[in-house]
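S.K.: Attaching a single structure in structure tokens format; questions to follow.
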Amino acid sequence: MAQTAAELSYTPYHREKSAFTGIFSWIFSTDHKRIGILYMISVLTMFIGGLCLGLLIRLELIAPGATIMSAPTYNAVFTLHGVIMIFLFIIPGIPAIFGNFILPLQIGAEDVAFPRLNLLSWWLYISGAALLMLALFTGDKLPDTGWTFYAPYSTATEGNISLAVFAAFVLGFSSILTGLNFITTIHRMRAPGMTWFRMPLFTWGLYATAWIQVLATPVVGITLLLVILERGFGVGVFDPAIGGDPVLYQHLFWIYSHPAVYIMILPGMGVISDLLPAFTKRTIFGYKAIAFSTISIAVVGYMVWGHHMFTSGISGTAQVIFSFLTFLVAIPTGIKVFNWIASLYKGSIELRAPMLYTLSFIFLFSIGGVTGLVLGSLAVDMHVHDTYFVVGHFHYVMFGGLGIALFGALHYWFPKMFGKMYNEAVAIVAWAFIFVGFNVLYFPMFILGWNGMPRRYYDYLPEFQYWHVVSTVGSWILAFGIFTMFINLIRGIINGEKAGNNPWGASTLEWTTPSPPPLLNFIEPPHVTHGAYDFEEMNKGKKDSKKDSKKKKKGKK
Amino acid sequence: MSHTANIAAPAHIHKDYNGAKTGMWLFLFTEVLLFGGLFLIYAVYRTAHPHDFAEAAKELNVVLGALNTAVLLTSSLTMALAIACIHRGKKSLSLTFLGITILCAFAFMVIKYIEWESKISHGLYPGSEYLMLHYSKGQRMFFGLYYCMTGLHAAHVIIGATVLIVMFYVTYQRPNEKHRWDVFGKDELNGCRVAILDKDGNEKWGSEIDESVKQVHLKMKYYSMPKRIKHEDYVSLENSGLYWHIVDVIWIFLFPLMYLIG
Amino acid sequence: MDHAEHHEEHPMIGYGTYISIWLALLILTALTVAIAGFDLGKYTTLVAMVVATVKTTLVGLYFMHLRYEPKVFHYMILVTFMIMVVIVIFTFIDGNRFSYLSHEVQAEVHH
């Protein structure tokens, strides 16, 4: 496609002049693309921090007894690993980075609905992260409650839990503002012709996610506030000595935190639904089924939180109902997985790096999902609750699901964000290390858990050591893969080859604008005439416009 | 080759008022669910200890509670009237009503202070020795929740009053309709797009502009036009009003659940 | 000022309507207080909640202009309300919370 005069002379967003200069033109920018990049830098920094803590945990567990740290330090390290990974990496992860950057491009908008609120939400994110770091150094000891902050331990321990919990509250507020912004953007700012069922499935994923962010986060907000009040004034709502019920804390916590795992995974599923058509060059199978299953996962996700509490002493009726509903969530999830696999049929599959991540997502997420059903069945859960089986399941779903989707998205939207290309061969090598390392790291956890190795334990019986060693070696392979991937991407930003507007031949709207996009995203206001994955219509449209321009030229001459 | 240029102003100059309201409503939902968590805890403890709750509620002052309800309902009325006035272009009347709303917020806080003060001076506050010695577990939970719920509500009243004070200033600063002019300024032109009109009067955008175009001369005339104040210009006032009403709605539920169960 | 045009874009609610809604709200408040005086047993709270819901509806429809807002706002409110109901119902099916809490009270009485 020949670039026209207008496209050659445009200013990409990162070169656009603004009222501020230098770093201030970024941290005070209300441009959704710059905010997306800000989020990318901060979220990935946090990810590397959490990753290092994870490596330390694995290193400690390579042998029974003390290896590299004391038991209290170990408690603090796994708490921090959890808090950083959950609140600072997975929950903001895809929505904040790619939602901000890509969503307005995908629906043909110039920006999000509330650009200043968007900037505020990034600042809240940074403040939350800073407060969390502050909490580490101000208490009598490090926070050691685990990322769940379960009462009554969290209301009694000496660490500066109040500040850590307040940090989580601030991060929740940031998440709410992002969600609120996205819902309004999707409702109000779609380009002409962009009907609900012409939206890319990534946008659908973000839409469902945004609703959960808005309607679940406040519940954990008030719960965390109550923990602070409990510590400050002894209100006693969760303190059995005064008359409270600590299990009620668990209810309130999981009322948010179970829907929150869908905040984590739905955008990842959206990414996969976008990447599959781009690398099979065919429309996605069952577009509407995927869109509706996204919504129904979000809805049913509100009714299953009790499966985190099967062994906490909830009533038998509650156990059975929550177990049943947990199985129900598997239906929309299964619909998605089958649709993805069906989308490969008769497609012209290109095994580029993003596609490899997509396929690994389907594989790893299916293992995570099916082990989730194992945990959801009441009787088995009694056996494996709070063992490494849960840790394995959780990492397969979250890291194998969301993490891998995020890596895929990083590669897929990289040329759009930076206008350059990474080295494909290195990317594939990095992917191979990540895929192998991932399975070597987390699969032994299922075996360990099934044999009775409890989670969060500092020490263990010698018979568990074999699989712990395997797992630790896996963590090194995985870390090497992730390191290679980041180096490759950074090298791509610095001196990668120039990428065209649409290097993948993908069909969604963000690929019709130059890479990197100009300040207001589109050189011509977009007008949408076909569905997101309608390759036939897309190519037809292209040919037509070419013919048109040729005709016009001839006419003028 | 001579073409006429057309300027298309970027869309973000025209604010999406409906979008702003959508955003505000979504925010209100988060407020509802924030209190929803507390109402849920209240429901659980009250179901477990119905008699303790009824006993403990007798210690609250129904007259002051009812008075505060009336104060908040009145403030909601004046808030709605303030917006109704601005729709009709009556700025000073609107400011008067807004002022009354803010005064009502202060009155509410004063009455609340009197209530809390009398409870605390009797030793009735969370964690107090008096509460631990003389009251049952259910009653302690009632007072714990009383302070949490009315406290969080009072925090919202304070935030709401602050927002309304800012809105009072903003509305006060705004010129009356006859002084307002719509001028197309330099800032608004930033990011504008230029379309070329060909001989037949067809608009050409971006890539459609081909090599035949050598130069584009832009001549612009600015017309300043008198503009009416539309009620949409006050969407921030309306959104502050929405916030204020939700504070009222939460109190509508808090009042019977706290004061009237004895 | 052109009133006719305003009516087209957003129907204006008269001052009188607002004041009558306010009066209705005050009467309903008085009603709640009065009803609380009678002993209706377990219906006391139910009646109080019904009255509070009516009051909220009045505030929402008129003071918050919901009557004149797009339908999508109504759907969104319905979703929020449903989520709230779901959260309460699913917490309440865990009957152990209540037996646990009441058990604690009895133990205290015995001491």
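The values are calculated or read from the model by the stated rules, or taken from the named source; none is laboratory data. Remember, it's a predicted structure, so these values are computed and weren't measured experimentally. Cβ atoms come from the backbone with ideal geometry, glycine included; neighbour counts cover every protein chain shown.
S.K.: Quick check: anything in segment A:270-289 under 30 Å from residue B:150 (Cβ atoms) and in contact (Cβ under 8 Å) with a residue 60 or more places away in the chain?
M.R.: no
S.K.: Can we say residue A:42 is part of a loop (DSSP other than H, G, I, E, B) and within 25 Å of the chain's Cα centre (by Cα)?
M.R.: Spelling it out, it is not the case that residue A:42 is part of a loop (DSSP other than H, G, I, E, B) and within 25 Å of the chain's Cα centre (by Cα).
Listed here are the residues, each with its yes/no results for (1) of a type outside the set (A, V, I, L, M); (2) away from chain B (no Cβ under 14 Å); (3) touching a strand residue (DSSP E or B) at 6+ places or on another chain (Cβ under 6 Å); (4) touching a residue at least 12 places away in the same chain (Cβ under 8 Å).
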position: A:24; (1), (2), (3), (4): yes, yes, no, no
position: A:37; (1), (2), (3), (4): no, yes, no, yes
position: A:46; (1), (2), (3), (4): no, yes, no, yes
position: A:61; (1), (2), (3), (4): no, yes, no, yes
position: A:92; (1), (2), (3), (4): yes, yes, no, yes
position: A:103; (1), (2), (3), (4): no, yes, no, yes
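S.K.: Return yes or no: is residue A:489 on the phi < 0 side of the Ramachandran plot, surrounded by 20 or more Cβ atoms within 10 Å (Cβ to Cβ) and part of a helix (DSSP H, G or I)?
M.R.: So residue A:489 passes the test.
S.K.: Do any helices (runs of 4 or more DSSP H) entirely within segment A:356-431 hold 3 or more residues that are within 23 Å of the chain's Cα centre (by Cα), and if so, which?
M.R.: Correct list: A:388-397, A:404-418.
S.K.: Search segment B:235-262 for residues that are at the interface with another protein chain (Cβ under 7 Å from one of its Cβ atoms) and pair each with any residue that is charged (D, E, K, R) and part of a helix (DSSP H, G or I) when their beta-carbon atoms are under 6 Å apart and the residues are at least 6 apart or on different chains.
M.R.: Between residues of segment B:235-262 that are at the interface with another protein chain (Cβ under 7 Å from one of its Cβ atoms) and residues that are charged (D, E, K, R) and part of a helix (DSSP H, G or I), the close pairs are B:252/C:55.
S.K.: What is the number of the single condition among (1) surrounded by fewer than 24 Cβ atoms within 10 Å (Cβ to Cβ); (2) outside any loop (DSSP other than H, G, I, E, B); (3) small (Gly, Ala, Ser) that residue A:241 does not meet?
M.R.: Residue A:241 satisfies every listed condition except (2).
S.K.: Does residue A:117 fit the bill of being of a type in the set (A, V, I, L, M), surrounded by fewer than 22 Cβ atoms within 10 Å (Cβ to Cβ) and more than 14 Å from chain B (Cβ to nearest Cβ)?
M.R.: Taking the combined requirement at face value, the residue does not satisfy it.
S.K.: Does segment A:22-36 hold any residues that are assigned to a helix (DSSP H, G or I) and surrounded by fewer than 21 Cβ atoms within 10 Å (Cβ to Cβ), and which are they?
M.R.: A:24, A:25, A:26, A:27
Residues checked against (1) of a type in the set (Gly, Ala, Ser); (2) in contact with a Pro (Cβ under 7 Å, 6 or more places away or on another chain); (3) over 21 Å from residue A:386 (Cβ atoms):
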{"position": "A:303", "(1), (2), (3)": "no, no, yes"}
{"position": "A:315", "(1), (2), (3)": "yes, no, no"}
{"position": "A:319", "(1), (2), (3)": "no, no, no"}
{"position": "A:328", "(1), (2), (3)": "no, no, yes"}
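S.K.: Would you mention how many residues in segment A:318-327 are farther than 21 Å from residue C:84 by Cβ and either at the interface with chain C (Cβ under 7 Å from one of its Cβ atoms) or within 25 Å of the chain's Cα centre (by Cα) (or both)?
M.R.: So the count comes out to 2.
S.K.: Inside segment A:281-317, can you point out the residues that are under 30 Å from residue A:383 (Cα atoms) and away from chain C (no Cβ under 14 Å)?
M.R.: Hit for segment A:281-317 is A:297, nothing else.
S.K.: Right, next: May I ask you to list the residues in segment A:207-234 that are hydroxyl-bearing (Ser, Thr, Tyr) and more than 9 Å from chain B (Cβ to nearest Cβ)?
M.R.: A:207, A:209
S.K.: Looking at segment C:26-64, which of its residues are of a type in the set (A, V, I, L, M, F, W, C) and under 22 Å from residue B:239 (Cα atoms)?
M.R.: Passing the criteria: C:58, C:59, C:61, C:63, C:64.
S.K.: Oh, and also: Being over 18 Å from residue A:139 (Cα atoms) and of a type in the set (Gly, Ala, Ser) is the filter here; which residues of segment A:156-191 pass it?
M.R.: A:172, A:174, A:175, A:179, A:191
S.K.: Could you grab me the full set of residues in segment A:205-239 that are under 21 Å from residue A:303 (Cα atoms) and of a type in the set (Phe, Trp, Tyr)?
M.R.: A:207, A:211
S.K.: Quick check: is even one residue across segment A:82-98 part of a helix (DSSP H, G or I), over 26 Å from residue A:24 (Cα atoms) and not hydrophobic (A, V, I, L, M, F, W, C)?
M.R.: There is at least one residue in segment A:82-98 that is part of a helix (DSSP H, G or I), over 26 Å from residue A:24 (Cα atoms) and not hydrophobic (A, V, I, L, M, F, W, C).
S.K.: Residue by residue through segment C:1-26, note down the ones that are surrounded by 10 or more Cβ atoms within 10 Å (Cβ to Cβ) and modelled with pLDDT of 90 or more.
M.R.: C:15, C:17, C:18, C:19, C:20, C:21, C:22, C:23, C:24, C:25, C:26
S.K.: Let me spell it out: the conditions are (1) out of contact with any Phe, Trp or Tyr (no Cβ under 9 Å at 6 or more places or on another chain); (2) within 29 Å of residue B:77 (Cβ to Cβ); (3) within 9 Å of chain B (Cβ to nearest Cβ); (4) without any contact (Cβ under 8 Å) to a residue 24 or more places away in the chain, and residue C:65 meets all of them except one. Which number is the exception?
M.R.: (4)
S.K.: Another one. Of C:31, C:78, which residue is in a helix (DSSP H, G or I), modelled with pLDDT of 90 or more, hydrophobic (A, V, I, L, M, F, W, C) and within 22 Å of residue B:77 (Cβ to Cβ)?
M.R.: C:31
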